[in-house]
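The structure under discussion appears below in the form of structure tokens.
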Amino acid sequence: MSERALLRRIRVWLVVFIVCLVLSGLTAFPLVHELRWTEDLLMSAASPAPEHFPALMEWITRVRTGLDEADAKHPFLLYGTDWLAFAHLVIAVAFYGPYRDPVRNIWVIEFGMIACAGIIPLALICGPIRDIPFWWTVIDMSFGVFGVIPLLLVRRMIKRLEGMREGSATV
């Protein structure tokens with residue numbers, strides 16, 4: 001594979017990762033409305049969720065109720081999710097560095113990998129403290145597992161690109 005093709009693959013993976021971070025961030029802003037829509041969709045006649053996933057339905061209703069109450073009585077609490085959304089957007093911007101110069105900015109990829117690994121202990125520690133069902137904690141941890149996969153691939157490709165560049169520099 002040529003250096004140019006490898007750089008293109010790195011950039012495609014980075015764009016996918018950035019888009020996922022941005023979408024994850026943007027969906028944290030309208031949580032109250034999203035939970036209402038999700039509950040309505042899952043409660044619809046066409047949905048198998050109430051019959052096959054009663055624990056999911058109970059959880060969605062509990063979370064929606066909590067968000068509705070917070071929104072009505074204590075809307076400032078939802079400001080925390082606004083900051084969560086903002087953090088996702090800022091982190092996404094950081095990945096522009098590796099997009100521009102992957103070899104020089106590989107540290108951003110490694111930072112992202114550390115962040116993905118950190119999701120697991122955070123979920124395992126804070127989940128029970130916040131009364132999150134274990135099955136939901138597993139879903140939360142999956143973001144770290146699925147997030148690190150493209151970063152591992154990108155890191156490996158960047159190391160290969162670095163080797164190609166060092167090889168051509170010595171010739």
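The values are calculated or read from the model by the stated rules, or taken from the named source; none is laboratory data. On a predicted model such as this, the values are computed, not experimentally measured, just so you know. FYI the Cβ positions are ideal-geometry reconstructions off the backbone, even for glycines, and counts take in every protein chain you see. Heads up: the accessible areas ignore ligands, DNA and RNA and are worked out on the full protein's heavy atoms, side chains in. Shrake-Rupley method; radii C 1.70, N 1.55, O 1.52, S 1.80 Å.
Collect residues whose amide H, placed 1.01 Å from N in the peptide plane, falls under 5 Å from the amide H of residue 132; neighbours closer than 5 in sequence don't count.
Counting only residues 5 or more places away or on other chains, the set is empty.
Whole Å is fine, so just give me how far the alpha carbon centre of the range 1-56 lies from that of the range 90-159.
If we compute the Cα centre of each part, the gap is 15 Å.
Starting from the coordinates of the alpha-carbon atoms of the chain, obtain the Kirkwood hydrodynamic radius over all distinct pairs and give the value in Å to one decimal.
Its Kirkwood hydrodynamic radius stands at 18.5 Å.
State which helices in the chain qualify, where a helix is a whole DSSP H run, it must extend 30 Å or more along its own axis by its Cα atoms, and its mean Kyte-Doolittle hydropathy must be at least 0.5.
3-26, 106-129, 134-170
Taking only the alpha-carbon positions of the range 1-92 and ignoring solvent, what does the Debye formula give for the base-10 log of I(q)/I(0) at q = 0.20, 0.25 Å⁻¹?
Once normalised to I(0) and log-transformed, intensities are -0.96, -1.13.
Which value, in Å to one decimal place, does the Kirkwood hydrodynamic radius take for the range 50-116 when every pair of different Cα atoms is included?
15.1 Å
What size of dipole, in debye to the nearest 20, comes out for the range 110-171 about its Cα centre when the only charges are +1 on Lys and Arg C-beta atoms and -1 on Asp and Glu C-beta atoms?
Approximately 240 debye in magnitude.
Three principal axis extents, largest first, for the C-alpha atoms of the range 83-123, in Å?
33, 20, 8
Treat every Asp and Glu Cβ in the range 1-130 as -1 and every Lys and Arg Cβ as +1, leave all other atoms uncharged, and give the resulting dipole magnitude about the Cα centre to the nearest 20 debye.
So the dipole magnitude of the range 1-130 works out to roughly 640 debye.
Among 32, 136, 72, which residue has its Cα positioned farthest towards the positive end of the charge dipole of the chain, with +1 placed on the Cβ of Lys and Arg, -1 on the Cβ of Asp and Glu, and the dipole taken about the Cα centre?
Value: 136.
Not counting the cut sites, what is the longest span of the chain without trypsin sites (Lys or Arg not before Pro) that DSSP labels loop and that have at most 15 other Cβ atoms within 10 Å?
1-103
Of the heavy-atom accessible surface of the chain (probe 1.4 angstrom), what whole percent is carbon and sulfur?
Roughly 70 percent, rounded to a whole number.
How much accessible area per residue does the range 1-145 have, counting only protein heavy atoms and a probe of 1.4 Å, in square angstrom?
That works out to 64 Å² for each residue.
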